[in-house]
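Read through the structure below, which is laid out as structure tokens, and then see the notes.
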Amino acid sequence: MSDTVEATPTRRGRGGGAARRAERTAVRVEAAPFILRRIPNYEILDEDGLALIEANAETVLEEIGVRFSENPEALKLWRDAGADVKGDRVHLPKGLARALCATAPRSYVQRARNPERDVTVGGKGLVLAPVYGPPFVRDMEGGRRYATIEDFRNFVKLGYMSKWVHHSGGTLCEPTDVAVNKRHLDMLHAHMTLSDKPFMGSVTAPERAVDSVEMCRILFGADRVGPECFLTSLININSPLSFDATMMGALEVYARAGQATIVSPFIVGGAMAPVSVAGTLTQVLAEAMTGIAYAQLVNPGCPVIFGAFVTSIDMNSGAPTFGTPEASKILWGAGQLARRLNLPFRSGGALCGSKLPDAQAAYESANTLQAALLGGVNFMLHACGWLEGGLVSGYEKFVLDADQLGVLHSLAEGIDLSENGQALDAIREVGPGGHYLGCAHTQANFKEAFWRTQVLDYRPFEAWAEAGSPDSATLANARVRKMLADYQAPAIDPGVAEALQAYVARRKASEPDAFG
């Protein structure tokens with residue numbers, strides 16, 4: 001089931017045939033609602049295993065502690081809350097972090113510019129958002145190259161046009177042709193004007209988080225920002241057990257403004273966490289609880305997501321690996337631990353180490369997408385477009401992944417056991433030795449009975465060969481070009497658009513460019 005919205009408003013009433021013709025030829029953008037699971041979560045740990053890891057995490061926090069560097073205000077908050085602070089090391093008495101996490105909401109609604117695109121994060125929901133963070137992009141025409149602001153805008157447009165993608169995301173790629181201290185303004189402006197889906201804020205400096213909140217006040221109304229949530233932003237922990245001032249500064253801005261953050265340990269097993277699954281889960285829980293608890297110290301009740309970005313390391317090359325069974329086990333275990341804290345959970349994505357949108361990319365991405373669906377993930381970053389261990393945003397990979405996200409929607413629905421789903425009338429009508437192509441049940445249901453790709457090739461060999469024997473990347477490239485050609489920006493109030501542009505121009509003029 002999906003909503004269909006015209007990309008631009010069509011005049012109705014007067015105009016007669018011309019208006020109807022315009023309506024027929026208008027580009028229509030389909031947008032599926034966020035997923036609501038009707039299937040159970042996979043639980044890999046029993047009660048004894050969960051209790052053991054929770055106890056170990058409490059031991060880590062009390063005996064080893066965590067580091068809050070260059071952040072005296074944070075150290076004071078911890079000291080006042082009852083932690084034992086020695087220098088920049090914070091030791092949390094057993095139970096303190098868990099008690100503080102209790103004020104964070106089980107779920108929250110992130111508002112979008114188009115109210116039909118609002119998403120609920122938590123519960124049985126799954127919100128899918130694109131790739132985040134790569135400095136490079138890749139497509140068939142240009143190969144691998146540094147990303148530009150034009151690439152960034154293209155990915156915003158692709159996300160807006162992708163039916164199964166619910167969220168516009170954040171740093172879809174790093175626009176390296178714009179100054180480091182100013183590119184966040186152009187990225188936010190693109191999300192706000194080129195899409196009407198929800199989006200993420202900047203976290204690379206506290207003042208850039210402030211810009212994100214201020215631009216939301218322009219877009220949505222100053223009185224709404226705070227009582228309502230308009231931003232979900234990624235706060236990576238500097239694993240192991242370290243919380244740097246930059247990320248915590250951004251978290252503080254968002255927490256005080258009532259905006260959501262994803263507190264996410266950044267785990268590479270064997271490098272930034274133990275090589276064992278249980279050891280990594282212990283560290284993930286200790287770090288996530290600490291970051292979430294700190295957000296609640298800053299502003300009790302602010303929305304926070306328990307995050308877990310997990311990969312392992314190839315012990316021969318030192319490169320990160322993706323789609324591995326160990327990562328899936330950690331994802332499933334972390335999901336259980338998050339649910340026991342009554343918190344939304346972030347993990348997964350179409351993650352791969354491949355340099356191209358090839359078979360390796362497909363296998364690795366599918367492994368993690370399936371694991372995330374089964375593991376109860378509520379917010380999935382990197383759901384489409386990720387290549388080369390997160391160094392590259394791939395155009396063709398983006399649309400291939402986005403297409404496959406439709407499979408997750410279908411799987412999450414479970415099995416239809418209604419009278420129509422049982423199909424006994426069809427079985428009676430056809431009987432032994434017949435076929436179902438012409439029966440009444442097939443005729444009534446065939447349009448919606450099976451999920452169907454919008455990218456991959458189902459043609460017979462002869463037709464495929466006559467078309468030039470295109471592989472998946474070639475098909476995806478054609479889809480990218482068509483989507484970008486068909487794109488029409490969603491309507492926005494001209495006064496709001498002018499105010500956003502003025503804010504960006506004023507902020508850019510207020511300081512010199514910095515590329516360091």
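The values are calculated or read from the model by the stated rules, or taken from the named source; none is laboratory data. Since this is a predicted model, take the numbers as computed values, not measurements. FYI the Cβ positions are ideal-geometry reconstructions off the backbone, even for glycines, and counts take in every protein chain you see. Calculation scope for accessible area: heavy atoms of the full protein, side chains included, ligands and nucleic acids excluded. Shrake-Rupley method; radii C 1.70, N 1.55, O 1.52, S 1.80 Å.
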| task | Sort out which residues of the stretch 433-461 are farther than 27 Å from residue 398 by Cα and part of a loop (DSSP other than H, G, I, E, B), and write them in order of number. | result | 433, 434, 435, 436, 437, 438, 439
| task | Could you tell me whether the stretch 282-300 includes any residue that is at pLDDT below 95 and more than 23 Å from the chain's Cα centre (by Cα)? | result | no
| task | Name every residue in the stretch 122-143 that is surrounded by 18 or more Cβ atoms within 10 Å (Cβ to Cβ) and either among the β-branched types (Val, Ile, Thr) or farther than 10 Å from residue 172 by Cβ (or both), in order of residue number. | result | 122, 125, 126, 127, 128, 131, 136, 137, 138, 139
| If you go through the stretch 329-361, how many residues are closer than 17 Å to residue 391 by Cα and open to solvent by less than 60 Å² (accessible area, probe 1.4 Å)? | 9
| note | Looking across the stretch 144-177 at residues that are of a type in the set (Val, Ile, Thr) and more than 23 Å from residue 486 (Cα to Cα), the single one that is most open to solvent (accessible area, probe 1.4 Å) is 176
| Within the stretch 25-69, can you find the residues that are outside any loop (DSSP other than H, G, I, E, B), farther than 20 Å from residue 375 by Cα and of a type outside the set (A, V, I, L, M)? | 25, 28, 30, 56, 58, 59, 62, 63, 67, 68
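Within the stretch 178-191, is even one residue part of a loop (DSSP other than H, G, I, E, B) and crowded, with 24+ Cβ neighbours inside 10 Å?
Narrowing the stretch 178-191 to residues part of a loop (DSSP other than H, G, I, E, B): 178-182.
Restricting the remaining residues to those that are crowded, with 24+ Cβ neighbours inside 10 Å gives none.
Within the stretch 178-191, none of the residues are part of a loop (DSSP other than H, G, I, E, B) and crowded, with 24+ Cβ neighbours inside 10 Å.
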| field | Pair list, Cβ under 8 Å, 6 or more apart: the stretch 21-45 residue closer than 21 Å to residue 379 by Cα and at pLDDT 95 or above, other residue open to solvent by less than 100 Å² (accessible area, probe 1.4 Å) and aromatic (Phe, Trp, Tyr) | value | 32/164; 42/332; 43/332; 44/332
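Of everything in the stretch 230-269, what is of a type in the set (Val, Ile, Thr), open to solvent by 10 Å² or more (accessible area, probe 1.4 Å) and assigned to a strand (DSSP E or B)? Give them in sequence order. Working first, answer last.
Just the residues of the stretch 230-269 that are of a type in the set (Val, Ile, Thr), to begin with: 232, 235, 237, 246, 253, 261-263, 267-268.
Narrowing further to those that are open to solvent by 10 Å² or more (accessible area, probe 1.4 Å): 246, 253, 268.
Across the stretch 230-269, the qualifying residue is only 268.
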| Going by the conditions given, is residue 223 open to solvent by 20 Å² or more (accessible area, probe 1.4 Å), in a loop (DSSP other than H, G, I, E, B) and either of a type outside the set (A, V, I, L, M) or under 21 Å from residue 507 (Cβ atoms) (or both)? | yes
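Identify all residues within the stretch 403-437 that are within 30 Å of residue 133 (Cβ to Cβ) and open to solvent by less than 30 Å² (accessible area, probe 1.4 Å); write none if there are none. So that I can check it myself, show each step before the final result.
Narrowing the stretch 403-437 to residues within 30 Å of residue 133 (Cβ to Cβ): 403-412.
Within the stretch 403-437, 403, 405, 406, 408, 409, 412 meet the criteria.
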| request: Might you check whether a residue that is under 25 Å from residue 155 (Cβ atoms) and buried (at least 24 other Cβ atoms within 10 Å of the Cβ) occurs anywhere in the stretch 292-305? | output: yes
| Scan of the stretch 70-95 for residues that are touching a strand residue (DSSP E or B) at 6+ places or on another chain (Cβ under 6 Å), surrounded by 15 or more Cβ atoms within 10 Å (Cβ to Cβ) and assigned to a helix (DSSP H, G or I), ordered by number | 74, 75, 78
| field | Contacts under 6 angstrom Cβ, first residue in the stretch 367-390 being open to solvent by less than 10 Å² (accessible area, probe 1.4 Å), partner at pLDDT 95 or above and charged (D, E, K, R), 6 or more apart | value | 379/346; 384/401; 385/397; 387/397
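Okay, residues lined up against (1) open to solvent by 70 Å² or more (accessible area, probe 1.4 Å); (2) hydrophobic (A, V, I, L, M, F, W, C):
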{"site": "401", "(1), (2)": "no, no"}
{"site": "440", "(1), (2)": "no, yes"}
{"site": "448", "(1), (2)": "yes, no"}
{"site": "470", "(1), (2)": "no, no"}
{"site": "492", "(1), (2)": "no, yes"}
{"site": "509", "(1), (2)": "yes, yes"}
| remark: Taking first residues from the stretch 76-95 that are farther than 28 Å from residue 52 by Cβ and second residues anywhere that are assigned to a loop (DSSP other than H, G, I, E, B), the pairs with Cβ under 7 Å that are 6 or more apart or on different chains are 88/69
| Cβ-Cβ under 8 Å pairs, at least 6 apart or on other chains, the stretch 231-244 side of a type in the set (D, E, K, R), far side open to solvent by 10 Å² or more (accessible area, probe 1.4 Å) | 244/69; 244/70; 244/238
| Just wondering, is there one or more residues in the stretch 43-60 that are open to solvent by 40 Å² or more (accessible area, probe 1.4 Å), touching a Phe, Trp or Tyr at 6+ places or on another chain (Cβ under 6 Å) and within 30 Å of residue 351 (Cα to Cα)? | yes
| Quick one: residue 464 ticks every box in (1) open to solvent by 50 Å² or more (accessible area, probe 1.4 Å); (2) assigned to a helix (DSSP H, G or I); (3) touching a Leu at 6+ places or on another chain (Cβ under 8 Å) bar one, so which box is it? | (3)
| message | Anything in the stretch 373-395 that is over 20 Å from residue 162 (Cα atoms) and aliphatic (A, V, I, L, M)? List them, or say none. | response | 374, 377, 391
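Answer yes or no: is there a residue in the stretch 309-321 that is among the aromatic types (Phe, Trp, Tyr), under 22 Å from residue 110 (Cα atoms) and outside any helix (DSSP H, G or I). Break it down into steps so the answer makes sense when it comes.
First pass over the stretch 309-321, keeping only residues among the aromatic types (Phe, Trp, Tyr): 309.
So of that shortlist, the ones also under 22 Å from residue 110 (Cα atoms) come out as 309.
Going one step further and asking which of them are outside any helix (DSSP H, G or I), we end up with 309.
Yes, some residue in the stretch 309-321 is among the aromatic types (Phe, Trp, Tyr), under 22 Å from residue 110 (Cα atoms) and outside any helix (DSSP H, G or I).
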